[in-house]
1. Has the stretch B:280-293 got at least one residue that is in a strand (DSSP E or B) and of a type in the set (Gly, Ala, Ser)?
2. Among A:Phe80, A:Phe85, which is the only one that is of a type in the set (Phe, Trp, Tyr), at pLDDT below 85 and more than 25 Å from B:Asn81 (Cα to Cα)?
3. If I filter the stretch A:8-28 for residues that are open to solvent by 20 Å² or more (accessible area, probe 1.4 Å), more than 7 Å from every other protein chain (Cβ to nearest Cβ) and under 21 Å from B:Pro97 (Cα atoms), do I get at least one hit?
4. Where residues in the stretch A:29-45 are farther than 18 Å from B:Ile78 by Cβ and modelled with pLDDT under 85, which of them is surrounded by the most Cβ atoms within 10 Å (Cβ to Cβ)?
5. Only one of A:Leu284, A:Leu217 is over 24 Å from the mean Cα position of the chain (by Cα), among the aliphatic types (A, V, I, L, M) and closer than 24 Å to A:Val150 by Cβ. Can you tell me which?
6. Which numbered condition trips up B:Ile309, out of (1) more than 21 Å from B:Val134 (Cβ to Cβ); (2) touching a Leu at 6+ places or on another chain (Cβ under 6 Å)?
7. Within the stretch A:77-92, can you find the residues that are at the interface with another protein chain (Cβ under 7 Å from one of its Cβ atoms) and within 34 Å of the chain's Cα centre (by Cα)?
Protein chains: 2
Amino acid sequence: MAIVENGDNGMTSETASKLIDEFVYKRLLRSEAQDRRMFILGEIRGEQAILCISRGAFHQDDAAIRAACGAVKNIESIQFNDIYFWYSANADDVSRPDLQLKLIYPCTEKHIRKYSAQPLRKVTETPEIYQTLVRPWMQKQREGGRLKWVYNILDGITEVEDVIFRHNDPLTGFVLLPDSQWDRKTLGTLHLLVLTERRDLMSIRDLKKSDLPWLKLMYGNLIREVTGVYPALSKDEIQLYFHYQPTYYHMHIHITNVHTEPTGGQAIGKAITVEDVISRLESLPEGKGMADISMTYVIGESSELWTDIFNA
Amino acid sequence: MAIVENGDNGMTSETASKLIDEFVYKRLLRSEAQDRRMFILGEIRGEQAILCISRGAFHQDDAAIRAACGAVKNIESIQFNDIYFWYSANADDVSRPDLQLKLIYPCTEKHIRKYSAQPLRKVTETPEIYQTLVRPWMQKQREGGRLKWVYNILDGITEVEDVIFRHNDPLTGFVLLPDSQWDRKTLGTLHLLVLTERRDLMSIRDLKKSDLPWLKLMYGNLIREVTGVYPALSKDEIQLYFHYQPTYYHMHIHITNVHTEPTGGQAIGKAITVEDVISRLESLPEGKGMADISMTYVIGESSELWTDIFNA
């Protein structure tokens, strides 16, 4: 049996498959009913491990749907009303997998925190709170090489083969990449990331009315390039948005297909569309910017923004 | 075998269960990957029927999770990288149902349209488009008694037993009700609806800077009453938002738990928080209002807004 080490863990597909058999259940970290998945903490060979079990999505080809209909077993009627009938049942089709598993092993306390259920809080960041507390905290987040991975991509040092489009210009330049969550194939779940060449913008809070021409120019370029690379998408079928607060403090934009089922990342209280930011800047007086308005958003209780600023 | 009729269909649980066996697959109407469900059109006894198959959510009690871990079969390693391992597998635990079914039988063309995939479009409604095209269209939507059901609730004629809280005042009054999607029990999925007593407001577009005191007063009242009725929720755990475009043109507010997994109704391009509307009004010049800004949102191709206005 191979010894598990970080980096090169000496695994083969066969030994990897056997890990699951050794998983010893400890406790549930989080369950997401709508996504039909749960994150479970356990132990494998004396080390902590997280197992994520999700129900598989249904296959969409005709044969698979016919098979799925035929493989429904143990049908029990729960309720009916007029033309509506509800049942519970079991899937009985071992020819196709109906579960997806993800295992993190060995995992650290940081993984456990990340996947644990986290109470959320809605906070209102006034211009004063932003200037005196949040902005200095953001600046600290940019120190100590934390943005090195972003600059590596911008400078063409890493992930060169991932770049979909690169527009070189110190002012209006940007790099277009697939988001790590996207499978890079399915247009229906398209998720791209745009890193701006401008390094002076930590977040949308740094955008001023005078940045409107820059933002509109980039917006137009992005729509043109994305619909150029993916001609099956028209300009009114892509959503462009920022996160506030973002995960890292270098200006970036998310691009998704408007048909994507929304996840937390596209919800109010977390995301704001580029069109909304443009509209907001347009209605502000000259000389003002996004730093001059109140922003209300949702954060986790374990985030430093909650522990060190809003709940301090 | 009972003859199926609308209204009283003469079904028993047993005959209802047997309907699924008679379902003949015709075509897929819609598949939702994230929700792990699909809507299938078929035929039963010569009549059209829609079958919705969803993967079951996982049970959350300790014993069920232990059982679920133990019942994972046919594990196949897909990929691994460092401490992360991905697999596909089958669930093999017939002691608990892992599917939910919903059947609509017999169904009409309207049901088929409702459950069919609908192409979406992002549109930008400028102040000019709103004034000349959208506003007159909205006014038409209020004609012919279409808002009678709202006024019936406000006047205490119907749904009297559903009302959670009623604040009587011609200016700042409102009625608080459970949304029809909410089970009225589970606080984690709380979804309430607020109908304002003011009947002059068709949508947020009618809000002016001068309405700020009214809106802030109502916002405070709503938070106080909701946390009063549901003391387990604190004021920073509820999300208050409008839809734009709304489904009906009488001013109303949605209230949900911030922990609710977001659905389409809470996504950017559809929803806007009350705090954002307040913030937008605050940064507008005196005399201006929400009618003076550009709003970008997502609509279905079969909506009249698309067919009659934006695509006309």
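The values are calculated or read from the model by the stated rules, or taken from the named source; none is laboratory data. Remember, predicted model here, so these are calculated numbers, not experimental data. Neighbour counts are summed over all protein chains in view; Cβ atoms, including those assigned to glycine, are modelled from backbone coordinates with ideal geometry. The protein model used for the area step is the full one, side chains on, heavy atoms only, and it has no ligands, DNA or RNA in it. Shrake-Rupley method; radii C 1.70, N 1.55, O 1.52, S 1.80 Å.
1. First, pick out the residues of the stretch B:280-293 that are in a strand (DSSP E or B): B:289.
Within this subset, residues satisfying the condition of being of a type in the set (Gly, Ala, Ser) are B:289.
Yes: one or more hits.
2. Working: A:Phe85 fails: at pLDDT below 85.
Every option except A:Phe80 fails the conditions.
3. The answer is no; no qualifying residue exists.
4. For the stretch A:29-45, the residue satisfying everything is A:Arg36.
5. Details: A:Leu284 fails: closer than 24 Å to A:Val150 by Cβ.
Step by step, each of A:Leu284, A:Leu217 is checked, and only A:Leu217 is over 24 Å from the mean Cα position of the chain (by Cα), among the aliphatic types (A, V, I, L, M) and closer than 24 Å to A:Val150 by Cβ.
6. It fails just one condition, (1).
7. Of the residues in the stretch A:77-92, the ones at the interface with another protein chain (Cβ under 7 Å from one of its Cβ atoms) are A:77, A:80, A:82-91.
Listed by number, the residues that qualify are A:Trp86, A:Tyr87, A:Ser88, A:Ala89, A:Asn90, A:Ala91.
So that you can scan it fast, the table gives a plain yes or no per residue for (1) at pLDDT 90 or above; (2) not hydrophobic (A, V, I, L, M, F, W, C):
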residue	(1), (2)
B:Trp149	no, no
B:Asn152	yes, yes
B:Ile157	no, no
B:Glu161	no, yes
B:Phe165	yes, no
B:Asp169	yes, yes
B:Gly173	yes, yes
B:Pro178	yes, yes
B:Gln181	no, yes
